[in-house]
Amino acid sequence: GKSTEKRRVKPENYTPICLTLKEHFKSYKLTFKSFSKFLISTLFPQIIPLPSVQQINDIVSMAHRQPLMQDQMQLLQEKTIAGPSSTAFTSYRYRLLPGMHLEDVGVLAYQYHPKNKGERKIELRFCVSGNTYCEAPECSSGKCKNSNNCIQLPTFDILVFSYPAAYLKSFCADKKDLTKTDELLAFKRTSSFSFAVTLCNRTRTTIDQLLSHEYTGAMEHIFVGSQLQALLLYGLDCLVEEKVEESFSCKFLTNETDREKILLAKEILLQRIGDPITIKELSRKVGTNECYLKKGFKELFGTTIFDFYQNQRMDHARYLLYEKGLSVTDVSALLGYSSISHFSTAFKRHTGLKPCELLLR
């Protein structure tokens, strides 16, 4: 039989595709390089690195004064928004379970990588409570519409703001005489560190606006970009770096590495609230001597290591007794006391009440 295959007929005005593209480049004044960038940005959108689980756990542990168990972290909502120049804002909304008490806390983390410049960045991390999430089907994105079916759950939010080095360096690119803040933004410091950030009124207002705004699409990106800059400014203000060296009577605390050791000691004490540790063992863990550790701790936190640890233990004991309803025997064992009488004596010295008297209340 005859072949039914249709033959393609070349039209008279046919031109190769490469010549057509070349003509288009000329007509629109495009270069191949600029066209390639546009094509890549369209086909491969920006990848935003998400905060690690450890980073989230760290900020929650600070707010709760002890690590939370996995079943206490009930994620209700997660959102990531890209800002200008690869900056990003990620929010996690968790359910605040009965008996959970979290303080509002903030941390500025300076992350320096000697070899990988792309990993250098500053992050602001916050944990704030006081908001709600609505589970009603008609209430989209967890925002309550005041319907009869609204089910509002108390929540706490973990917020992470990421500023890559390429974005930060633009603020001090043309400067010759760099201040200490400029050196930070230019990543002249060659060691990573973290610093507690005070949640002042302007920081709280900015965070509240980010969590409750109604913008969408391009307007949302513009709004988030402006708030990212504002929070960075407030975070850098909290460092007050020009006054750090003058504010410490212990000379070794002017060194960032030594300050980090004292801060690490505090974190270890909080992590081992039920497993007492000696000052000698603690000094070995953070890599300093006992004398520096005791003097530095007293200056940074205004109390001795022993008093700080005892206060934390007794506050936690009160929570376990009053909020959780545990027995005196259980609480005594959980906090590492060798006998109930020792625990009762320490508890009364701290609170003015015996544990059994607190339970009666």
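The values are calculated or read from the model by the stated rules, or taken from the named source; none is laboratory data. Being a predicted model, the structure only gives us computed values, none of them experimental. Positions of Cβ are backbone-derived with ideal geometry, glycine not excepted, and every protein chain shown enters the neighbour counts.
Side notes on the structure shown:
- Any hit, the range 254-261, residues being exposed (fewer than 15 other Cβ atoms within 10 Å of the Cβ), without any contact (Cβ under 8 Å) to a residue 12 or more places away in the chain, of a type in the set (S, T, N, Q) and assigned to a helix (DSSP H, G or I): yes
- Selection within the range 148-180 - modelled with pLDDT of 85 or more, among the polar types (S, T, N, Q) and not in a loop (DSSP other than H, G, I, E, B): T155, S162
- Sole residue being among the basic types (K, R) and surrounded by fewer than 17 Cβ atoms within 10 Å (Cβ to Cβ), chosen from R202, R120: R202
- Candidate set: the range 91-116, residues that are charged (D, E, K, R) and either out of contact with any Asp or Glu (no Cβ under 6 Å at 6 or more places or on another chain) or more than 24 Å from L211 (Cα to Cα) (or both); chosen: the one surrounded by the fewest Cβ atoms within 10 Å (Cβ to Cβ): K115
- Those strands (runs of 3 or more DSSP E) of the range 63-128 in which 2 or more residues are of a type in the set (K, R) occupy 88-95.
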